[in-house]
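Data block below; observations after.
The values are calculated or read from the model by the stated rules, or taken from the named source; none is laboratory data. Predicted, not measured: the structure shown is a model, and the values here were computed from it. Heads up, the Cβs are rebuilt from the backbone with ideal geometry, glycines too, and the neighbour counts pull from every protein chain shown.
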């Protein structure tokens, strides 16, 4: 019997991708060249990157040896392989890129559903179960979708799917330090985030931890995906370790991101 929690995240990933598809599916070809907040990346780059990463996830699920070869290639150009993948896809005709992204999503969805729920699959970071891989794909889709929405001047309505992004952001706290070569603080941090409905509170970490992060879940997700600067968000840190974490928070794998400049500095 399928794990209900895994089925839920697979559904949430489909819905998150579908929401982004609705933003770009009817765009005129010329609009795919519109710049996004990510330096040097157009809307086409954003969709191309998602397609590229979906293909990597599909390979990890279905051909671990083939994925290992792909990782070897990435290690030859660790600072540029992501941009190179996005650039290659962005050169496609927008209609072709859109069709490939859609087909890649369908193939990945089928592979996730067929995967053994207890198996762990290789990735650029630690191996992951299928449900965790789907959650990570949702996080990336939401983050790059935010770039597309910003480029189009669209204000998205946050919803309960953000819980996946928030959870990854909390779990990646140690990684944010490690990727910068910094020691990971021993003190635990309590995180309390007000859900998009304005009533529910998403809680992580020991309730009695003196170090705390509080604020809107949307703001936390924008921070950990580095889609907004801390200065522009309504997050409160209590304690020096919590405060430092908010300066370097990073939910995604790979090198330390540079983040976004404060609105007043743009």
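Considering only region 75-95, how many residues are in a loop (DSSP other than H, G, I, E, B) and surrounded by fewer than 17 Cβ atoms within 10 Å (Cβ to Cβ)?
7
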(message) Could you tell me how many of the residues in region 27-74 are more than 29 Å from residue 119 (Cα to Cα) and assigned to a helix (DSSP H, G or I)?
(response) 9
(request) Quickly run through region 71-104 and pick out the residues that are over 20 Å from residue 47 (Cβ atoms) and over 20 Å from the mean Cα position of the chain (by Cα). (result) 72, 73, 75, 76, 77
(message) Out of 114, 107, I need the residue that is exposed (fewer than 13 other Cβ atoms within 10 Å of the Cβ), modelled with pLDDT of 95 or more, more than 29 Å from residue 35 (Cβ to Cβ) and more than 19 Å from the chain's Cα centre (by Cα). Which one?
(response) 114
